[in-house]
Amino acid sequence: MNGVLPRNRDIGIGQLQDRAEWIRLETIRLVEIAGSGHYSSVFSCAEILSVLYYKAMRLNPAVPDWPDRDRLVLGKGHVAIGIYPCLADLGFFPSTWLDTYTRLGSPLGDHPDMKKVPGIDFSSGSIGHNLSVGVGMALAARARRSDARVWALLGDQELNEGQIWEAAMAAAHFGLDNLTAIVDANGWGLDGRVGEVMSIEPVAGKFAAFGWDTVDIDGHDVAAVVEACTRPAEPGRPRMILAHTLKGKGVSFMEQTPFWHLGYLGPLDRDAAISEIKQRMHA
Amino acid sequence: MNAPQDPKSWNIETSLPRLTAFTMGDELADMAAGRDDIVVLTADLMYSNGTKAFRDRHPQRFYNLGIAEQNMISVAAGMAASGLTPYVSTFASFASLLGAEQIRTDLAYPSMRVRILAHHAGIAMGFYGTSHHAVEDLAIMRAMAHMTVVSPCDGAAVRGILRATADVPGPVYIRLGRGVEPVVYDTVPAFEPGRFVTLRQGKDATLIATGLGVRASLEAARKLEDEGMSVEVLDAVYVKPIDADGVVASARRTGAIMTVEEHNPHGGLGGAVAEVLAESGVPARFRRHALPDDYALVAPPTHLYRHYGLTADGIAGRLRSMLQAGT
């Protein structure tokens with residue numbers, strides 16, 4: 001089909017690293033429009049989003065609801081701010097939409113609305129729902145004999161939600177090897193370290209005990225993310241990629257505290273953050 | 001020990017044929033024969049709700065999600081987003097209360113084509129108690145944008161409403177009883193979207209009933225006819241959208257309306273009709289006949305219906321006193 005971006009696209013590691021940095025820069029730009037927003041929980045999964053949108057997922061920007069596209073559902077819906085720039089860049093909607101981010105009537109809110117934003121596969125915002133939605137999509141792909149793959153991006157504190165484990169049980173029960181969950185394990189909830197707020201360890205052990213194939217990676221090592229996201233599925237088993245990440249990754253003062261989950265950067269700090277990110281970019 | 005010998009014995013499996021009003025398993029199996037998008041989900045209740053009939057005919061399109069209702073609803077959302085039309089089935093109490101947030105956020109907000117078969121609604125679970133009663137569901141579901149809320153009163157009406165709502169673009173909450181509701185419709189009715197069905201015309205008062213209350217209201221109307229009262233009976237099979245024209249027209253005809261429902265007095269059919277009536281400016285006497293604003297007693301369902309007046313006698317008495325009070 002014309003316009004389909006295939007899986008495992010030909011793109012270099014350096015380019016994917018730059019895309020991740022660009023996602024951070026765009027996040028800073030859009031928060032500036034909104035006056036507040038999620039920084040550090042986007043920064044922790046910037047490399048993951050870069051690899052999914054520019055390398056791993058089969059997409060069709062001209063036909064956003066193409067039945068055989070790969071899908072991404074968000075447990076952590078607040079990372080939409082990092083996804084909108086990718087969707088606009090890939091041609092799902094005009095990049096001018098980004099300039100309206102969160103303004104009255106904009107299709108683009110903090111949490112994504114599938115009915116308003118081409119390329120958003122499911123609305124999100126209520127933590128814990130969307131792994132179940134992903135199970136439904138994976139079952140539907142099987143029922144429709146489509147080889148579409150389903151990705152679910154989850155937060156680590158999100159794993160406290162009981163529905164996650166209902167979904168984990170169902171995914172294994174139905175043998176959904178077309179479903180991959182990525183846990184962005186940045187180590188923090190809003191109120192402190194995950195282990196202090198409500199422990200979830202052992203994450204990989206729990207998913208493995210439920211019957212999932214599990215992979216442990218450094219979520220900022222682009223080559224490792226690429227390898228994990230392009231590795232063939234274990235037949236009959238859903239996969240959980242446990243991506244160890246750093247909340248606020250890429251801006252040094254944000255890496256020091258969890259409180260940049262939500263906030264606003266005044267011009268001085270914004271410029272410092274931008275400058276730090278740009279220094280790492282190749283092009 | 002061999003199979004039980006006493007004909008009075010029954011169990012979950014052998015009682016299935018008694019659930020004559022749970023026609024959805026068969027009806028959906030018929031519908032699914034002609035279209036490949038229909039799937040049925042349940043939460044370990046295929047015997048209790050008769051969806052086993054669908055499982056037997058379309059095993060590949062039947063999904064048992066186990067006792068995990070929230071997951072079931074969100075899974076259905078994902079299926080609907082991928083082009084399927086899922087029918088999820090569980091007790092109304094669990095669907096509407098445990099699953100309320102999944103229904104609001106994952107089905108109603110994005111307008112997913114998911115149908116919720118919410119059975120054993122009201123106090124149909126009798127002495128199983130409040131955890132298994134659903135007397136708030138109409139209020140909850142009615143408050144959700146994009147939601148259609150229907151409440152068929154017998155087995156033929158269940159078939160009729162499944163046909164009538166087959167192509168509704170958003171979610172549909174289908175409120176069902178306990179599967180043994182007596183017959184109101186001799187043949188499968190062709191429901192018009194958002195319209196009451198006039199089961200009986202009258203001049204002195206109107207009973208607008210839904211679900212279990214429909215048959216009892218018809219019987220009440222016959223009793224009152226013997227006393228010289230002419231009572232109109234409307235089947236509010238659609239609770240949302242409510243038939244506003246039907247409410248107003250009937251209020252003009254009879255000048256007295258009583259709603260009948262197996263629900264808390266707040267926010268259900270009575271609330272919906274009251275809203276229409278109050279805003280219409282048409283002067284009419286009005287009463288809600290519902291369950292009290294309390295948690296129901298424990299008893300077999302039929303005893304509870306008698307106790308709470310959801311019977312022909314109870315309804316007739318209530319309407320009689322309303323008309324005699326003259327207010």
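Structure summary
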| read-out | value |
| --- | --- |
| Which numbered condition B:Ser131 fails, given (1) free of Cβ contacts under 8 Å to residues at least 40 places away in the same chain; (2) among the small types (Gly, Ala, Ser); (3) farther than 22 Å from B:Leu16 by Cα; (4) within 12 Å of chain A (Cβ to nearest Cβ) | (4) |
| Qualifying position, being within 23 Å of B:Gly78 (Cβ to Cβ), of a type in the set (A, V, I, L, M), modelled with pLDDT of 95 or more and assigned to a strand (DSSP E or B), among A:Met169, A:Met240 | A:Met240 |
| Test: B:Ala134 is within 14 Å of the chain's Cα centre (by Cα) and either surrounded by 18 or more Cβ atoms within 10 Å (Cβ to Cβ) or of a type in the set (S, T, N, Q) (or both) | yes |
| Restricting segment B:193-214 to residues that are under 19 Å from B:Arg285 (Cβ atoms), within 14 Å of the chain's Cα centre (by Cα) and among the aliphatic types (A, V, I, L, M), the residue that is surrounded by the most Cβ atoms within 10 Å (Cβ to Cβ) | B:Ala209 |
| Pair list, Cβ < 7 Å and 6+ apart or interchain, from segment B:90-103 residues that are touching a residue at least 60 places away in the same chain (Cβ under 8 Å) to residues that are among the hydrophobic types (A, V, I, L, M, F, W, C) and assigned to a helix (DSSP H, G or I) | B:Ser96/B:Ile140; B:Ser96/B:Met141; B:Ile103/B:Ile73 |
| Checklist (1) of a type in the set (Val, Ile, Thr); (2) surrounded by 21 or more Cβ atoms within 10 Å (Cβ to Cβ); (3) away from chain A (no Cβ under 14 Å); (4) in contact with a strand residue (DSSP E or B) (Cβ under 8 Å, 6 or more places away or on another chain) applied to B:Val168, failing item | (2) |
| Residues located in segment B:38-77, provided they are buried (at least 23 other Cβ atoms within 10 Å of the Cβ) and either on the phi > 0 side of the Ramachandran plot or in a loop (DSSP other than H, G, I, E, B) (or both) | B:Ala43, B:Asn49, B:Gly50, B:Thr51, B:Leu65 |
| Matching residues in segment B:43-85 - criterion: being among the β-branched types (Val, Ile, Thr) and either touching a Phe, Trp or Tyr at 6+ places or on another chain (Cβ under 8 Å) or without any contact (Cβ under 8 Å) to a residue 12 or more places away in the chain (or both) | B:Thr51, B:Val75 |
| Of the criteria (1) away from chain A (no Cβ under 14 Å); (2) free of Cβ contacts under 8 Å to residues at least 12 places away in the same chain; (3) surrounded by 19 or more Cβ atoms within 10 Å (Cβ to Cβ); (4) not small (Gly, Ala, Ser), which one B:Pro17 fails | (3) |
| Exclusive hit being of a type outside the set (S, T, N, Q), without any contact (Cβ under 8 Å) to a residue 40 or more places away in the chain and part of a helix (DSSP H, G or I), set A:Leu104, A:Leu52, A:Leu87 | A:Leu87 |
| Any hit, segment A:188-200, residues being basic (Lys, Arg), farther than 29 Å from A:Asp70 by Cβ and not in a loop (DSSP other than H, G, I, E, B) | yes |
| Selection count where residues are surrounded by fewer than 22 Cβ atoms within 10 Å (Cβ to Cβ), over 30 Å from B:Asp37 (Cα atoms) and in contact with a Leu (Cβ under 6 Å, 6 or more places away or on another chain), scope segment A:55-92 | 1 |
| Considering residues of segment A:121-163 that are within 9 Å of chain B (Cβ to nearest Cβ) and surrounded by fewer than 24 Cβ atoms within 10 Å (Cβ to Cβ) only, the residue nearest to A:Gly175 (Cα to Cα) | A:Ala143 |
| Hey, B:Ala205 hydrophobic (A, V, I, L, M, F, W, C) and assigned by TED's automatic domain parsing to the domain that holds B:Glu279 or not | yes |
| Filtered residue count, segment A:166-175, keeping only those that are more than 16 Å from B:Gly99 (Cβ to Cβ) and within 9 Å of chain B (Cβ to nearest Cβ) | 3 |
| Condition check for B:Ala145: within 14 Å of chain A (Cβ to nearest Cβ) and either in a helix (DSSP H, G or I) or among the small types (Gly, Ala, Ser) (or both) | yes |
| Some residue of segment B:4-12 being among the aliphatic types (A, V, I, L, M), at pLDDT 95 or above and in contact with a Phe, Trp or Tyr (Cβ under 8 Å, 6 or more places away or on another chain) | no |
| Hits in segment B:275-292 (condition: within 19 Å of the chain's Cα centre (by Cα) and either over 29 Å from B:Gly246 (Cβ atoms) or assigned to a loop (DSSP other than H, G, I, E, B) (or both)) | B:Ala290, B:Leu291, B:Pro292 |
| Hits in segment B:90-111 (condition: assigned to a loop (DSSP other than H, G, I, E, B) and out of contact with any Gly (no Cβ under 7 Å at 6 or more places or on another chain)) | B:Gly99, B:Tyr109, B:Pro110 |
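The values are calculated or read from the model by the stated rules, or taken from the named source; none is laboratory data. Quick caveat, the model's predicted, so the values are computed rather than measured. Methodologically, a virtual Cβ is constructed for each residue, glycine included, from the backbone with ideal geometry; neighbour enumeration extends over all protein chains shown.
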